[in-house]
Amino acid sequence: MLLCNGDIFLSLFIMAEIESLQKIVSHCKEYGFIFPSSEIYDNLGAVYDYGPFGVELKNHIKEYWWKSMVQMHENIVGLDAAIFMHPTTWKASGHLDSFSDPLIDNKDSKKRYRADVLLEEKIDKLKEKGEKELTKKGIELSSSEEEKAKASRDYAKALQLETAYTKAAEASDFKRYKELIEEYEIACEVSGSRNWTDVRQFNLMFGTKMGAVDEMATELYLRPETAQGIFVNFLNVQKSARMKIPFGIAQIGKAFRNEIVARQFIFRMREFEQMEMQFFVRPGSELEWFKTWKETRMKWHLALGSSQDSLRFHVHEKLAHYANAAEDIQFKFPIGFKELEGIHSRTDFDLTEHQKFSGKKLQYFDAELNQNYVPYVIETSIGLDRMFLRIMSECLKEETLESGETRIVLNLPPALAPIKVAVLPLVKKDGLPEKAREILNVLKFVGRTFYEEKDAIGKRYRRMDAIGTPYCITVDHQTLEDNTVTLRVRDTMEQERINISEVARIVGEKVDMNNLLRKAIA
Ligand code: ATP
């Protein structure tokens with residue numbers, strides 16, 4: 001009976017989540033942001049194509065990241081390493097032996113899950129339920145975990161499960177994962193049953209071959225992260241750019257993972273992009289730098305105008321074999337709080353391993369200390385596509401206007417908007433289109449523009465709202481008389497009459513990327 005209640009709750013909860021993610025998916029398709037890959041062949045699972053407005057938004061996100069990392073830090077330089085790397089790279093990095101996820105199947109629905117994710121979600125749900133119990137009893141949520149556990153049955157269960165799960169994860173004891181899934185009555189969201197297979201390990205790297213003759217071809221892997229391209233180039237970059245520790249190397253590029261569970265739109269894809277920065281520091285100073293980078297990255301996220309409630313740090317209970325500290329920045333996606341960016345203190349693991357496998361020294365001579373050492377590394381790693389989804393989740397709004405009408409508006413920070421300004425002649429005659437194009441030609445130097453003369457003006461405004469265009473310029477008959485136009489603001493829908501000579505300056509100031517950068521590094 002209890003299980004039945006739990007299942008009903010679960011399915012309603014998921015329905016609500018899917019509904020709002022579904023709205024984003026539909027909007028992205030209808031308005032040219034994201035299309036399923038190879039749609040005419042019924043799609044390729046967890047692979048997506050960015051459309052005309054998607055690619056613009058994505059490029060602006062990249063620009064915001066790149067400028068804040070590289071342009072704003074004189075001790076960080078860029079790199080664009082190849083996707084193919086020598087296969088030994090993946091032996092050295094540990095990916096060949098241990099880049100795998102524990103998978104489990106539900107025998108009734110045939111749906112596949114990551115066993116670790118099922119357990120982590122259960123812990124979060126129990127904690128959330130526990131906190132509701134505490135709030136009802138009037139107990140402080142700021143009390144210690146032990147105190148909370150004493151006062152709430154669900155909270156105590158969450159902590160028990162967390163301890164057991166951490167122990168099992170540390171020992172890579174997957175038999176225990178299954179026992180815990182059964183013990184804590186975790187059911188499949190589709191069939192509702194607890195009829196599970198054993199947990200198996202599944203390597204996430206995509207293999208391929210390089211070379212014309214099959215028998216002679218070299219087995220390669222599509223990189224599962226961009227970081228290794230930075231590590232193998234550590235000395236090339238340090239020497240050629242004359243960098244002194246502490247310094248960083250930043251890179252944006254594609255990564256590939258044969259994800260087991262990939263059904264949350266662009267949150268988890270098989271081909272995706274990462275924006276990573278590896279910061280090389282003196283051994284012993286890494287935890288101080290870890291703190292600095294955590295703060296710097298959170299500021300970058302908040303500069304976009306997000307509320308503090310939608311972002312939080314999540315401390316890793318189980319550290320990867322190479323890390324001595326790790327935290328995620330999580331965002332409240334429509335599917336719940338999930339990892340958006342990882343900040344990891346990777347010790348000297350990667351450089352040391354590459355030294356071992358390549359037989360080449362990857363050390364730095366610190367003139368101040370008169371000493372050679374393998375630097376320690378702090379990594380900040382964010383998924384570009386996840387960042388895209390975060391922006392969409394945050395900015396896509398359905399507003400009810402005073403008239404009772406609803407409007408869909410994507411209130412993107414103007415610096416990220418795909419189209420900065422649309423120029424719209426009120427009618428398709430009387431010389432208005434010609435005048436509008438004259439204005440457009442000036443505005444092209446401010447950013448991407450859009451011209452449209454079809455449909456009623458209100459309808460054209462709505463289309464621009466839906467793709468996030470912050471400003472529209474309307475050219476009417478008065479324009480021909482006094483050189484003024486109407487500037488219409490997306491967010492407030494306010495309209496103001498201004499002189500044509502003012503348009504480029506006003507719009508240019510508002511859409512300037514520096515507005516974001518100043519907040520991000522203030
Ligand atoms: P997760 O736990 O969600 O699988 P991860 O911890 O494996 O993520 P990292 O290896 O730390 O992720 O990668 C850094 C960032 O790359 C993540 O924070 C995420 O934003 C992004 N990322 C990782 N895997 C994917 C994916 N399959 N699709 C889209 N973005 C991804």
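The values are calculated or read from the model by the stated rules, or taken from the named source; none is laboratory data. Worth saying up front: this structure is predicted, and the values here are computed from it rather than measured. Here the Cβ positions follow ideal geometry from the backbone for every residue, glycine too, while neighbour counts run over all protein chains shown. Ligands, DNA and RNA are excluded from the accessible area calculation, which covers all protein heavy atoms including side chains. Shrake-Rupley method; radii C 1.70, N 1.55, O 1.52, S 1.80 Å.
Assorted remarks:
- Any chance Lys239 is within 14 Å of the ligand (Cβ to nearest atom), among the charged types (D, E, K, R) and open to solvent by 50 Å² or more (accessible area, probe 1.4 Å): no
Let's see how each residue does on (1) farther than 30 Å from Asp348 by Cα; (2) in a loop (DSSP other than H, G, I, E, B); (3) at pLDDT 85 or above:
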| position | (1), (2), (3) |
| --- | --- |
| His86 | no, yes, yes |
| Asp101 | no, no, yes |
| Leu119 | yes, no, yes |
| Asp124 | yes, no, yes |
| Glu131 | yes, no, yes |
| Ile139 | yes, yes, no |
| Ser143 | yes, yes, no |
| Lys150 | yes, no, yes |
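- Considering (1) outside any helix (DSSP H, G or I); (2) more than 22 Å from Pro52 (Cα to Cα), the lone condition that Thr469 does not fulfil carries the number (2).
- Scanning the range 21-55 for residues that are open to solvent by 50 Å² or more (accessible area, probe 1.4 Å) and either among the charged types (D, E, K, R) or in a helix (DSSP H, G or I) (or both) gives Gln22, Lys23, Ser26, Lys29, Glu30, Glu39, Ile40, Tyr41, Asp42, Asp49, Pro52, Val55.
- Members of the range 294-316 that are free of Cβ contacts under 8 Å to residues at least 60 places away in the same chain, loosely packed, with under 15 Cβ neighbours inside 10 Å and in a helix (DSSP H, G or I): Glu295, Gln308, Asp309
- All positions within the range 256-281 that are within 23 Å of Glu327 (Cβ to Cβ) and out of contact with any helix residue (DSSP H, G or I) (no Cβ under 9 Å at 6 or more places or on another chain): Arg257, Glu259
- From the options Phe279, Phe365, residue that is of a type outside the set (Asp, Glu), surrounded by fewer than 14 Cβ atoms within 10 Å (Cβ to Cβ), over 16 Å from the mean Cα position of the chain (by Cα) and assigned to a strand (DSSP E or B): Phe365
- Tabulated pairs, the range 277-290, first in the same structural domain as Ser345 (by TED's automatic domain parsing), second open to solvent by less than 10 Å² (accessible area, probe 1.4 Å) and charged (D, E, K, R), C-beta under 6 angstrom, 6+ apart or interchain: Gln278/Glu379
- Here Thr492, Thr449, Thr479 are screened, and the one residue that is farther than 20 Å from Pro413 by Cβ and among the polar types (S, T, N, Q) is Thr479.
- Failed item in (1) hydrophobic (A, V, I, L, M, F, W, C); (2) open to solvent by less than 20 Å² (accessible area, probe 1.4 Å); (3) over 27 Å from Ala504 (Cβ atoms), with Leu401 passing the rest: (2)
- Subset of the range 326-361 [open to solvent by 20 Å² or more (accessible area, probe 1.4 Å) and either away from the ligand (no atom under 16 Å from the Cβ) or in the same structural domain as Glu120 (by TED's automatic domain parsing) (or both)]: Asp348, Thr352, Glu353, Gln355, Lys356, Phe357, Ser358, Gly359, Lys360, Lys361
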